[in-house]
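Asks: Please find one structure pasted underneath; my questions will follow.
The values are calculated or read from the model by the stated rules, or taken from the named source; none is laboratory data. Here the structure is a predicted model, which means the values were calculated and not measured. Glycine also receives a Cβ, built like all others from the backbone with ideal geometry; neighbour counts cover every protein chain displayed. The area values use the complete protein model at the heavy-atom level, side chains included, leaving out ligands, DNA and RNA. Shrake-Rupley method; radii C 1.70, N 1.55, O 1.52, S 1.80 Å.
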Amino acid sequence: MHGRPRKAPTLEEQEAFSVKASKLRSLQSQFLQFHHAKIYTKEALDVSAKLLESNPEYYTAWNYRKLAVQHNLNLPEVENNEETVKSILDEELRLVENALRRNFKSYGAWHHRKWVLSKGHSSTDKELLLLGKFQKADSRNFHAWNYRRFVTTLKNIPNEKELEYTTDMIYDNFSNYSAWHNRSVLLSHLLKEKAKGYSPKDNVFTEEYEFVRHALFTDPDDQSGWFYHLWLLDQTVKLETLLVSSWPPHGCNLSLSTDGSFGDCSLSPFTSLQTNTRTLPLILYFSEAVENICSSTVVIECENIASNELVWRSLSGDGAGSAQAWLTYLNFPEEHAHSEKAYQVKVSLAHSRGIFSSTGVHHGDSSHIEFSVSVPPHRSEHVDLNNEGKISWSDESFCTHDTQFLESALINLFHLERTKIDETVVDYQWNITTINNEISHYRELLSTMNCKIGKLTLARLLIAHDTLMSYTGTSHRNVSHHAEVLQLYDDLKKMDPAHLHYYQDEYSIVLLKQTISNQELLLKHCRKYRDPSSPRINNFCLRLNNLSLSRIGSMEQLLWVQVLDLSHNQLKTLEGLEVMQLLSCLNVSYNKLCSFTALEPLKLLRSLKVLDISYNEIGAHSIDTRRYLCSSPLNHRSGGDWKTEESEIHCVEVADNWEAYAIFKDLNLIQLDLKGNAVSDEKIQSLLIKLLPSLKWLDGESCR
């Protein structure tokens, strides 16, 4: 444990262990007899005490002690006798102290002591003295620090005084993880309360950066201070305004095509949307997960649309709780006129305390998004998508777009991204100056030594700097440090191969951010589908293939994408794609997806028609623990709406392939490629054909 090699026990040690185990089994047998019979006599309590003093980790015995204490306190002769009550509780404190001497990292013992003190009959005067003894034996014991916070709250000890104690403990030992953590907890409380001397927070954090820097430069290889520095960095870049992106974006003039085709293929993919209905998805994307997005916190003003009747759902899998992205649908009424109808839409997030993040930050500023939607008149005829040919993802099927058209479209995209959707201007000057100062210090440190965690921290600082600059609207091309960050992660992959996958994931996120936030780089990945007559596919495709991506990020900048090629990468999950509600065609072939559950984000994509998951590793692994993240469709929660009498699918077929059923039952695919996976056989193909009534092409062959 913790890198310490185990030594094989000697013969004498084995014999001693056997004797100890025999005694424990005897005590445990007696104890369980008393416990099951609900006997709380002195003899029974003595047996449980001996058992806990020998084995403080026996949770059942601690729970028995609680039941015994409660039983004895409720006796008529004890209930109103304060001295007897105190005596019973003091005995519990004595037992806990003896158990902690045996193992002062026992969860059960510390929890039991908290429970006893919370009764309110015991003095807390000696608790800090007891803690002093344990913290002297192990100053980093997080159980003791956690209990200390509990005791100081009971005794109403000021946070300022505890912060001084934490400072002394850190000076005594820079490597005290628990002391650094306690410092972050105390400072959070003091800043929230705006205690005297702790406001404004800019001054406090400036002093804290200097304080932790002394520790890091004294011993750069010790990680405890680095974790505290990471907490400070998080506080420095934390957004005050939460709304960061939307679809449709602010200032957009959107044109719908409701006959299933794009009609004018010269339309920009950023201003045109193919749909078979008069329904438009509206997506709000926040900087972190938020809760309580509903008709009372988000007001939509548009002709013929009742804001209070709209239903919002989180794009997080369960449709509830907290999420970064939230979705609703705007349904435009049918118009029988011979011309387009233009709708002006305004989305307002007023000064609402109802919207709050998972970290407790409220959306306190007034934000709004305004855009227009042009909807064509109702048409009785629709394009029959089922009669169309299959779509090919080969390189020959794509060509470069007209440069002038692309530049025009992308300029509009980047202009829309830079448009401020928040009416309140936030000054990030202190934040940017502080991050710049930290970057200079850690570049200086790395110039004198090759420090692994120093490189990781510098990468995080550079990313934080770019994030803050993006909030100010500064052009990414002039300030981004993507190339330097990518080089740092490359170095870390060589220096620390044990954490290779983590560094590769971070590298992928930065590479993707670099690609899609720079107009010139994004141009290189935009392609035109050669067959513009196909009504099923927007002829504008974003090809992010062959980039060695192991993780997807920067989803707030990809909400506009309708056709996406992520083939020939290293993806093991499609987490994040659920926010791309416009996505109609997706290619994730030649990746490392090893189960159908990796496709779960796709369940939320109502517009998805074409999917290529060929040549992955689905079914190749005999044990895939991630499969249990997806509930069986046969249970009452996820499969209760499936009725065998209304389906051609037999229970046996579903039972053998329930992951596939759970993923594909809600999709409306026309084309699916599954070949090249271990799971691909006649049984799964038969299930998919029955499960997807609109499916026209399976593995390149017509299936209807």
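Asks: Under a 5 Å amide H to amide H cut-off, with H placed in plane at 1.01 Å, what residues pair with Val244 once short-range neighbours are removed?
Replies: Tyr285, Phe286, Ser287
Asks: How big is region 174-237 by the Kirkwood estimate over distinct Cα pairs, in Å? Display every interim value, and only then the final one.
Replies: Details: mean 1/r = 0.0830 Å⁻¹.
Final number for the Kirkwood radius of region 174-237 is 12.0 Å.
Asks: In square angstrom, what is the accessible area per residue of region 174-237 with a 1.4 angstrom probe? Please report the intermediate quantities before stating the final value.
Replies: Details: 3070 Å² over 64 residues.
Using a 1.4 Å probe on heavy atoms only, each residue of region 174-237 averages 48 Å².
Asks: Among the listed pairs Lys592/Lys683; Lys86/Lys126; Lys524/Lys572, which are separated by more than 20 Å between their Cα atoms? Don't jump to the answer; show the numbers that get you there.
Replies: Values: Lys592/Lys683 23 Å; Lys86/Lys126 15 Å; Lys524/Lys572 25 Å.
Listed pairs above 20 Å: Lys592/Lys683; Lys524/Lys572.
Asks: Return the lysines within reach of Lys690: Cα separation strictly under 23 angstrom, same-chain partners fewer than 8 residues apart disregarded; answer none if there are no such residues.
Replies: Lys390, Lys603, Lys609, Lys643, Lys665, Lys675
Asks: A further question follows. Please give the contour-minus-distance gain from Lys114 to Arg25: 0.36 nm per residue of separation, less the Cα-Cα distance, rounded to one decimal in nm. Spell out each step's value before the answer.
Replies: Details: separation 89, 0.36 × 89 = 32.04 nm, distance 2.83 nm.
So the extension gain works out to 29.2 nm.
Asks: How much FRET efficiency would the formula 1/(1 + (r/R0)^6) give for Cys703 and Asp656, where r is the Cβ-Cβ distance and R0 is 25 Å, rounded to 0.05? Could the numbers behind the result be given before it?
Replies: Values: r = 20 Å, r/R0 = 0.79.
Result of the calculation: an efficiency of 0.80.
Asks: So what are the ³J(HN,Hα) numbers for region 178-190, from phi and the Karplus equation (6.51, -1.76, 1.60; θ = phi - 60°), rounded to whole Hz, Gly and Pro as x?
Replies: Whole-Hz 3J(HN,Hα) from phi for region 178-190: 5, 5, 4, 5, 4, 5, 5, 5, 5, 5, 4, 5, 5.
Asks: Further question: Keeping all protein chains in place and using 1.4 angstrom, which order do Leu128, Leu89, Leu67 fall into by accessible surface area, from largest down? Provide the component values of the computation, followed by the final result.
Replies: Values: Leu128 45, Leu89 0, Leu67 90 Å².
Sorted by accessible area, descending: Leu67, Leu128, Leu89.
Asks: What net charge do the residues around His501 carry, taking every other residue with its C-beta under 13 Å from that of His501, with Lys and Arg at +1 and Asp and Glu at -1? Mind showing how you got there, number by number?
Replies: Details: positive: Lys493, Arg551, Lys572, Lys592; negative: Asp496, Asp505, Glu506.
Cβ neighbours under 13 Å give a net charge of +1.
Asks: With every protein chain left in place, what is the accessible area of Lys524 in Å² (1.4 Å probe, nearest 10)?
Replies: 130
Asks: From the square roots a ≥ b ≥ c of the eigenvalues of the alpha-carbon gyration tensor of region 1-156, which class results: rounded (a/c under 1.5), prolate (a/b over b/c), or oblate? Don't skip to the answer; put the middle values down first.
Replies: Details: a/c = 2.78, a/b = 1.19, b/c = 2.34.
Oblate is the answer for region 1-156, as a/c is 1.5 or above yet b/c matches or exceeds a/b.
Asks: If you roll a 1.4 Å probe over the heavy atoms of the protein chains, what accessible area per residue do you get for region 17-123, in Å²? Write out the running numbers ahead of the final one.
Replies: On the way: 5970 Å² over 107 residues.
Per-residue accessible area for region 17-123 comes out at 56 Å².
Asks: Would you check the accessible area of Arg527, probe 1.4 Å, heavy atoms only, in square angstrom rounded to 10?
Replies: About 70 Å², ignoring ligands and nucleic acids.
Asks: Let me ask you something else. Label-point separation (nm) for Ala483 and Ala306, each offset 7 Å from Cα along Cα-to-Cβ?
Replies: 5.8
Asks: For the pair Thr277 and Ser686, what calculated FRET efficiency results from E = 1/(1 + (r/R0)^6), where r is the Cβ-Cβ distance and R0 = 41 Å, to the nearest 0.05?
Replies: On the way: r = 31 Å, r/R0 = 0.75.
Approximately 0.85, to the nearest 0.05.
Asks: Sort Leu523, Leu11, Leu93 from largest to smallest accessible area, using a 1.4 Å probe on the heavy atoms of the protein chains. Display every interim value, and only then the final one.
Replies: On the way: Leu523 40, Leu11 110, Leu93 20 Å².
The most accessible residue leads, giving Leu11, Leu523, Leu93.
Asks: Continuing with this model, one more query. Please work out whether region 128-193 counts as rounded, prolate or oblate from its C-alpha gyration tensor, where a ≥ b ≥ c are the square roots of the eigenvalues and a/c under 1.5 means rounded, while otherwise a/b larger than b/c means prolate and anything else oblate?
Replies: Values: a/c = 1.89, a/b = 1.25, b/c = 1.52.
Oblate shape, in that a/c is at least 1.5 and b/c is the bigger or equal ratio.
Asks: Per-residue accessible area for Ser447 at 1.4 Å probe radius, Å² rounded to 10?
Replies: Estimated to the nearest 10 Å², Ser447 gives 90 Å².
Asks: Within region 1-84, what whole-number % of the accessible surface is contributed by carbon and sulfur, with the 1.4 Å probe and all protein chains included in the calculation?
Replies: Numbers: 3310 of 6150 Å².
Heavy-atom surface of region 1-84 belonging to carbon and sulfur, 1.4 Å probe: 54 percent.
Asks: Near Asn591, within a Cβ-to-Cβ distance under 11 Å, what is the net charge of the other residues, with Lys and Arg +1 and Asp and Glu -1? Kindly include the intermediate steps, with their values, before the conclusion.
Replies: On the way: positive: Lys572, Lys592; negative: Asp612, Glu617.
Cβ neighbours under 11 Å give a net charge of 0.
Asks: Full-extension gain between Ser339 and Glu43, please, as 0.36 nm times their residue separation minus the C-alpha to C-alpha distance. Walk me through the numbers on the way to the answer.
Replies: Working: separation 296, 0.36 × 296 = 106.56 nm, distance 9.14 nm.
Gain on stretching Ser339 to Glu43: 97.4 nm.
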